[in-house]
Each structure stands twice: as C-alpha cells, then as structure tokens.
Amino acid sequence: MTASDRIIPFDHQQSAHCETGVISNLMRFHGMKVSEPLALGIGSGLFYSHMPFLKVNGLPVTSYRILPGHIFKRFSNNTGVRMERRKFRDPLAAMAELDRVLDRGLPVGMLTSVFYLPYLPKAFRFHFNAHNIVVFGREGDEYHVSDPVMDATTRIHRTALMRARFAKGMPNTSGRMYYPEKVPAGADLRRAAAKGLRRTARDMSTTPLPMFGSKGIAFLAARLRNYERDLGPAKARLALGNLIRMQEEIGTGGAGFRFMFGAFLQESATILDRPDLREFAERMTTIGDQWRDFAYEAGRLCKDRAEAHITYGSLADKLTDIGRQEQRFFKELAKAVR
Amino acid sequence: MKKEEVPQDDARMLEGKFKVVKYAINEKGEYEKVPSVGWEPENVALEQAWDVINERVEQARQDVIAGRSSPLAYHMEKNMMDPALLAQHMGSGARRIRKHLRPKDFARLDEHTLQRYAEVLQVTVDQLKRVPE
C-alpha cells in the first residue's frame, strides 16, 4: 500500500437514518442541497411490509421502508444524478478502487455490516448488513468516515473497514461502493419531489398482496392477535420485541420514517406551493404518534410489566386502527397529488 | 411528536458516545432534528435481544466445558453466527462446520483451518481452542 494521505473536505451532518443521510450528505458535497426528508421523499423510501416468509433469526421481517439501496436508486432516477456503483469479489481490489476514487477527490458511499464497525456502541452491533456510510479520507492505516447516524465524523482502521465491507449474510455486502459520477447543476427538485410523493402514495395504497403497503399493517395485526396462542408466551414476547426493534431501531425506518415523511410533506408544501400538503403532514404526525404509542405499550407487554389492559388483542386493535388510518391517508394523498 | 416529547431514556445503550437524532415538531409547528439518548421500549427490546444472545453464548460455554461441543461452538455463538453464516465466511458448507462443532473432529483440525476460523471469529488460534473460565 503506497497510497499517501488524502482527506477530502466533507460537510458531515447527522441524520436519523443511514441511507437518506448518506444521500443528503453526498449530494451536498456535489452542490445539490437536499435535506434528509427531501431525500426520503424524492427516493420514495416510505413503505410498509410484513413478511412472515422472510425470517431473520427465526423471526419474521417487518419493514417500514422499501428495500435497502432502492431509496438511492429512485432518488437518482428522479433527479438525473448518475451514480457509479461497483461490487467486488476481492477485498484488496475493493480497497484499491476506494483509494483510487478518493485520490480523484471524491467521497465514496458504501455498504457495511454494523457488526464489524468498532466505532459504534456495542449494543447496536448485530449482523445488519445494510448500513451506509461515506468514506472521505485516508490517513496512514485509517480511513475517515462520515457515519450519518453519528454526530461527528470518525475513523476506522483499514482492516476493520475491509471486514465490514465483506460481511456475509443477508445480504453479502460484497464491497459495494457508490459515488455520484454526474450531478446535474440545475436539477428540478420540484418535479423530483412531486414524482417521489406520487409514487409513495400510490405504492402504499395500491400494491397488491395483503402483506405490502398500508393494508399490510392489518395483516400483521391479524397475526399479532394470535401470537401467544401460536407461538407460546416466551416466543411471542421475543417476536414482539423484534417488532419493536424493527420499528424503532434497525435500519427499517420505523415510526421515525413516518415523522421524516411528515417533514418531507412540510417541505413539499413549500417547494410545490401546495399548502394542503401541510395538513397531510399534520395527519402523518398524528399517525406517527400512534405508532409510538403502539411501541410503548408493546414494550410494557414485552417486559411483562403490562397493566391488565395491554394484551396481544389490544395491541392488535391498535395496529388495525393505525392501518385503517394509513390506508385512508395514502388513498387521499394519492388523489391529491395525482 | 413534539420536540419536548422526544424521549430521553438513557440505558447506556449508546455508551455516551453520541446521541441519535429524531424528527419532531418544534414550537413553530415545523419539523426539526432533535437529539435523543434513547427510548424505554427500544431499550427493553434491545436488552431482550441481548439476553437471548448471552444465554446462547453461556449455554455454548457450558456445553464446551461438559465436553458436548468443541470450543468452536462457543466462539461461533459469541460472534452471533450459526453454522450457515459461519460457513459462508469460511467458504465451506454448513455441514463441515457442524462437524467441527464436535470435540473429536475439532481436535483433528490442521493449523491452517484453525487459523482461518480464528481470523473469521476475531480471536487468536490459542483463544479459539479455549473458552473463558
């Protein structure tokens, strides 16, 4: 390794979520000002799915967003940003390519596994292989990292980064890296926001199959109602805890995505000059609050501290109600922005 | 969620390293990013997940001490892996891994394979052959 030090001036801003945060930070570097909520909205990142057939550690996956990586894809499509993406078999080749792009003066986004990022708090380090970070410099054996969920930039040793870039599992990170090759100077963010908004509203209200879109919430509710009977008390509690983690902490967006979408609606109201979107934002906030209530009560039950009125049945009722509201919300939103 | 409702339930999950940010409504009715040190239900769910992992690790350790499993079983659990995931990292089949979880087969492993396991499981070869007392 003969590469010399190279640190690219990079304006890091903390974000609520990794993928949207990386988009916002990378675009700002290339002169396109998009906030994190705008990145979420333009990339149509909000979604809902409960997939009993897809299991991690034997527990079904519930997701509040579209597939990892797709927010970026849709964002690029809607704004005309051209991304260069690479994946690798050979870790050394992957690091060499990273060095080459850094030497061109370009910060690089990449996929990593949280488990192998030593700078993150231990409690969060599970085998979650879809964490996005930006590497913007190299100094000796270390790389400078902008991890969007952190308040400041950090560093990682070359060997550790290599490991994180080549984790196996779901999915294999395969050294995936990406960077904007061309960012259009006068991208029409108005049009992009409108497009992203339409797509989210449409996908949430019309995706077929019971487990996808806002009706997927009712689908989960129906299963949740019978958790205790179907899984037994111990496993039911685990499944419930898993649900909370999917909602609040893992890279699935969760209730946080509902609030971020609310922020996007507020921004859209201004840039699209559609004051009615502010009302939609308010409604989204109310729905987000109910997701939080749900998580709160689920947490009580999980810890076995529940007052008598919190049962799997009552949680299911709550969820069904949220599902109904989201369904109405996205149908009306789809109509309003058609 | 209003700005002042952003939960601040610290359970040392973030080890004081940083705060996460959440989007919440400020006094002007606009969304903004607000720092948070954690939230009770999230802490409960995290603790629960770690309890399960720690239990599995301890069970594996006991199995090794009792001679039912090779130390590989312990280090595999410690890395939160199952034979399938470990196999992917080793570039071999899960069956082969399961075989090496047996003390007899583990004892017969050559230096090279031990080295590979040690590398994947982030321990030294010496540590790989033992479990903590």
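The values are calculated or read from the model by the stated rules, or taken from the named source; none is laboratory data. Computed from a prediction, not measured in an experiment: that's the story for all the values here. Glycine also receives a Cβ, built like all others from the backbone with ideal geometry; neighbour counts cover every protein chain displayed.
What to note about this one:
- Scope the stretch B:39-55; condition surrounded by fewer than 17 Cβ atoms within 10 Å (Cβ to Cβ), without any contact (Cβ under 8 Å) to a residue 24 or more places away in the chain and of a type outside the set (Asp, Glu); matching residues: B:Trp50, B:Val52, B:Asn54
- Subset of the stretch A:98-117 that is over 21 Å from the mean Cα position of the chain (by Cα) and at negative phi - its residue that is surrounded by the most Cβ atoms within 10 Å (Cβ to Cβ): A:Leu98
- Inside the stretch A:298-321, residues that are within 14 Å of chain B (Cβ to nearest Cβ), out of contact with any Asp or Glu (no Cβ under 9 Å at 6 or more places or on another chain) and buried (at least 19 other Cβ atoms within 10 Å of the Cβ) make up a count of 3.
- Every residue from the stretch A:10-32 that is out of contact with any Gly (no Cβ under 8 Å at 6 or more places or on another chain) and within 14 Å of chain B (Cβ to nearest Cβ): A:His12, A:Gly21, A:Ser24, A:Asn25
- Selection status of A:Ser4, polar (S, T, N, Q), surrounded by fewer than 15 Cβ atoms within 10 Å (Cβ to Cβ) and either on the phi < 0 side of the Ramachandran plot or in the same structural domain as A:Val145 (by TED's automatic domain parsing) (or both): yes
- On inspection, B:Val44 does not qualify as more than 8 Å from chain A (Cβ to nearest Cβ) and of a type in the set (A, V, I, L, M).
- Of everything listed in (1) over 19 Å from A:Pro184 (Cα atoms); (2) surrounded by fewer than 23 Cβ atoms within 10 Å (Cβ to Cβ); (3) touching a strand residue (DSSP E or B) at 6+ places or on another chain (Cβ under 6 Å), the single unmet condition for A:Val56 is (3).
- Residue list for the stretch A:257-283, filter: under 12 Å from A:Leu40 (Cβ atoms) and not polar (S, T, N, Q): A:Phe257, A:Arg258, A:Phe259, A:Met260, A:Phe261, A:Gly262, A:Ala263, A:Phe264, A:Leu265, A:Glu267
- Scope the stretch A:25-48; condition touching a Lys or Arg at 6+ places or on another chain (Cβ under 9 Å) and not in a loop (DSSP other than H, G, I, E, B); matching residues: A:Met27, A:Glu36, A:Leu40, A:Ile42, A:Leu46, A:Phe47, A:Tyr48
- Scope the stretch B:1-38; condition over 19 Å from A:Gln290 (Cα atoms), within 9 Å of chain A (Cβ to nearest Cβ), surrounded by 17 or more Cβ atoms within 10 Å (Cβ to Cβ) and touching a residue at least 24 places away in the same chain (Cβ under 8 Å); matching residues: B:Met13, B:Leu14
- Filter pass, A:Thr270 being more than 21 Å from A:Glu19 (Cβ to Cβ), assigned to a helix (DSSP H, G or I) and under 22 Å from the mean Cα position of the chain (by Cα): no
- Checking A:Arg245 against (1) among the basic types (Lys, Arg); (2) surrounded by 20 or more Cβ atoms within 10 Å (Cβ to Cβ); (3) without any contact (Cβ under 8 Å) to a residue 40 or more places away in the chain; (4) away from chain B (no Cβ under 14 Å), the condition it does not meet: (4)
- Condition check for B:Arg61: touching a residue at least 60 places away in the same chain (Cβ under 8 Å) and surrounded by 14 or more Cβ atoms within 10 Å (Cβ to Cβ): yes
- Filter result (at negative phi and either free of Cβ contacts under 8 Å to residues at least 60 places away in the same chain or crowded, with 23+ Cβ neighbours inside 10 Å (or both)) within the stretch A:151-169: A:Thr154, A:Arg155, A:Ile156, A:His157, A:Thr159, A:Ala160, A:Leu161, A:Arg163, A:Ala164, A:Arg165, A:Ala167, A:Lys168
- Verdict on A:Arg300 being under 23 Å from A:Arg190 (Cα atoms), out of contact with any strand residue (DSSP E or B) (no Cβ under 7 Å at 6 or more places or on another chain) and not acidic (Asp, Glu): no
- Test: residue in the stretch B:67-76 that is under 27 Å from B:Leu109 (Cα atoms), part of a helix (DSSP H, G or I), hydroxyl-bearing (Ser, Thr, Tyr) and out of contact with any strand residue (DSSP E or B) (no Cβ under 8 Å at 6 or more places or on another chain): yes
- Just one of the listed residues (A:Pro180, A:Pro210, A:Pro148) is part of a loop (DSSP other than H, G, I, E, B), at negative phi and at pLDDT 95 or above, and it is A:Pro148.
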